[in-house]
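**Student:** Take a look at the following structure, please.
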Amino acid sequence: MVTDDLPIRTARLDLHMVRPQDYELLAENPADPHLWAVRGFTNPHRHLVDDPGPLPHRIPRVVAQPEIAPYLLRMAVLRDEGVIIGSAGFHDAPDADGMVEIGLEVVPAHRGHGLAREMLHGMWSWVIDQPGVVTLRYTVSPGNGPSQHLVRSLGFAHIGVQQDDEDGPEDVFELPAREYRRRFVDT
């Protein structure tokens, strides 16, 4: 299992792993100004503070299995400004079939600048090198036009619809990891 907590670097972003000890602090006080400052960045947009996003699901998972933390959540830090502009992470480590499903969010003030695409490419380029990864999955609400456009523009195939207990119906898109590598990494 992956233990390296170096950030994943893209053109403009550093995707910092939320470490097991960070989850403990997030559970206590997600607004603690020292939480991220010790790592050299800040959270002026209060990402995951006012709306905890995936934290209620991720915190118990990391408590039970700290070794999967590198997969679960990365804070997206705009390198030049040192501020969190969102996060991305996989719902879990690769399943028995080698599938990993990603989720992400960009704070409203930074949407529309290609950062979601950059986050996805950073995360997927990292995860295809992890043991057991065969399939990349992206699920999105049918009404989320920007995300629908993004995943389709990357060549992911629509394979069906699933019902999410919290988010309702979601379109399911997949791409084999080897195909992602051929299209975007080995070019």
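No lab work stands behind these numbers, since they all come straight from the coordinates. Just so you know, these numbers come straight off a predicted model, no measurement behind them. Reconstructed Cβ throughout: ideal geometry from the backbone, glycine too, with neighbour counts over all protein chains shown.
**Student:** Considering only G98, L13, P142, whose Cα is most displaced toward the positive end of the charge dipole of the chain, charges sitting on Cβ of Lys, Arg (+1) and Asp, Glu (-1)?
**Tutor:** L13
**Student:** At 0.36 nm per residue, and after removing the present C-alpha to C-alpha distance, how many nm does the segment from A96 to E81 gain when stretched out fully?
**Tutor:** Taking 0.36 nm per residue and subtracting the Cα distance, the gain is 1.5 nm.
**Student:** Under a 5 Å amide H to amide H cut-off, with H placed in plane at 1.01 Å, what residues pair with V107 once short-range neighbours are removed?
**Tutor:** Result for V107 returns G86.
**Student:** Mind checking Rg over Rh on the chain, alpha carbons, Kirkwood formula for Rh?
**Tutor:** Radius of gyration relative to Kirkwood radius: 0.94.
**Student:** Moving to a separate point now. Can you tell me what share of the DSSP beta bridges in region 23-110 is antiparallel? A percent to the nearest 5 is fine. Don't skip to the answer; put the middle values down first.
**Tutor:** Numbers: 10 of 11 bridges.
Bridges in region 23-110 that DSSP calls antiparallel: roughly 90 percent.
**Student:** Now for a separate question. If you build a Gaussian network model of the chain, linking Cα atoms that sit under 10 Å apart, which residue out of D32, D164, D95 swings the most?
**Tutor:** Of D32, D164, D95, the Gaussian network model singles out D164 as fluctuating most.
**Student:** Of the listed peptides 151-158, 132-139, what is their order by residue-averaged count of other C-beta atoms within 10 Å, with the highest listed first? Let's see the in-between values first.
**Tutor:** Values: 151-158: 15.2, 132-139: 19.4.
Highest-to-lowest ranking by the protection proxy: 132-139, 151-158.
**Student:** Relative contact order of the chain, please, whole-number percent, based on alpha carbon pairs below 8 angstrom and at least 6 residues apart.
**Tutor:** Rounded, it is 18 percent for the chain.
**Student:** If you average the alpha carbon positions of region 88-107 and of region 14-78, how far apart do those two centres end up, in angstrom?
**Tutor:** Centre-to-centre distance over Cα atoms comes out at 16 Å.
**Student:** What distance in nm lies between label points placed 7 Å from Cα along the C-beta direction at S153 and F184?
**Tutor:** That separation, rounded to one decimal, is 1.2 nm.
**Student:** How high is the relative contact order of region 121-187, in percent, counting Cα pairs under 8 Å that sit 6 or more residues apart?
**Tutor:** Taking the mean separation of contacting Cα pairs over the length of region 121-187, I get 37 percent.
**Student:** Another question, then. When the helices in the chain are scored as -39500 (n - 2.57) per DSSP H run of 4 or longer and the sum is shared across all residues, what 222 nm value do you end up with, to the nearest 500 deg cm²/dmol?
**Tutor:** Counting only the DSSP helices, I get -7500 deg cm²/dmol.
**Student:** Angle check, please: helix 115-127 long axis (alpha carbons) against the longest principal axis of the chain (alpha carbons), in degrees 0 to 90, nearest 10.
**Tutor:** Between helix and principal axis, roughly 80 degrees.
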